[in-house]
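The values are calculated or read from the model by the stated rules, or taken from the named source; none is laboratory data. Quantities reported herein were computed from a predicted structural model and do not represent experimental measurements. In this analysis, Cβ positions are derived from the backbone assuming ideal geometry, glycine residues included, and neighbour counts consider all displayed protein chains.
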Amino acid sequence: MIGRIRGILAEKQPPEILVDANGVGYEIHMPMTSFYQLPAVGEEVVVYTHFVVREDAQLLFGFADKMERGLFRELIKANGVGPKLGLTILSGMSAGQFLSAVQNADVSALVSLPGIGKKTAERLVVELKDRLAKFGKVQSIAIPPPSGDLLNTNTLVEVNDTREDAQSALVALGYKPAQASKLIDSVYKEGMESESVIREALKAAI
């Protein structure tokens, strides 16, 4: 089991990053709530990881802290929830927001996430409410703002590239292309970087 990786952040293209650890490049899938907390490319990063082995792939999922990783591990134990859906859930909500939704049986908040219908949301509440009690009672935790490097005015990014990057990330997280495009249209403002567009689109979806 690969539980933690420390290295240099070589690339970040939401929702994936590449970490160079002693010459080995690790491709890691991250929920956007953790992605927003990353340092600039070229800086050192510590990522808590969960290793998934499938017949057709070996995948690493990364998180900013142990709490979010622990929540992801409980999520993928739930009936009908695989790693991809777990990533989607923790991209649309912070760990604290998800815990609050489950503890308060807030089905409507869960249904707002792609891939989560009413029956799935109700099942998640039933299956996870007791299991997540170990995390304690929480208040919704605000998603931190993007790090300063995302707003670097020395880097000019074409509007089309920004929108395409944001749409690709949302589609990878389970949104349909038309739905992703509509969310981006509702939040995009001139000069926004792709990570900021994704962050605002996910907030608008809830």
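The table for this structure:
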quantity	calculated
Residue satisfying all of: in the stretch 46-78; small (Gly, Ala, Ser) and under 19 Å from Gly96 (Cα atoms); surrounded by the most Cβ atoms within 10 Å (Cβ to Cβ) among these	Gly62
Residues satisfying the stated conditions in the stretch 79-108, i.e. surrounded by fewer than 23 Cβ atoms within 10 Å (Cβ to Cβ) and farther than 23 Å from Glu200 by Cβ	Asn79, Gly80, Val81, Gly82, Pro83, Gln103, Asn104, Ala105, Val107
Pick from the stretch 45-86, criterion more than 13 Å from the chain's Cα centre (by Cα) and of a type in the set (Phe, Trp, Tyr), ranking: nearest to Ala21 (Cα to Cα)	Tyr48
Close pairs (9 angstrom Cβ cut-off, 6 or more residues apart or separate chains): modelled with pLDDT of 95 or more in the stretch 1-28, of a type in the set (Phe, Trp, Tyr) and not in a strand (DSSP E or B) anywhere	Ile17/Phe35
Some residue of the stretch 89-98 being assigned to a loop (DSSP other than H, G, I, E, B) and under 23 Å from Ala121 (Cβ atoms)	yes
Criterion (modelled with pLDDT of 90 or more, under 18 Å from His29 (Cα atoms) and of a type outside the set (A, V, I, L, M)) met by exactly one of Pro114, Pro83	Pro83
Residue in the stretch 61-73 that is out of contact with any helix residue (DSSP H, G or I) (no Cβ under 9 Å at 6 or more places or on another chain) and of a type outside the set (D, E, K, R) present	no
Some residue of the stretch 100-115 being of a type in the set (Asp, Glu) and more than 24 Å from Lys12 (Cα to Cα)	yes
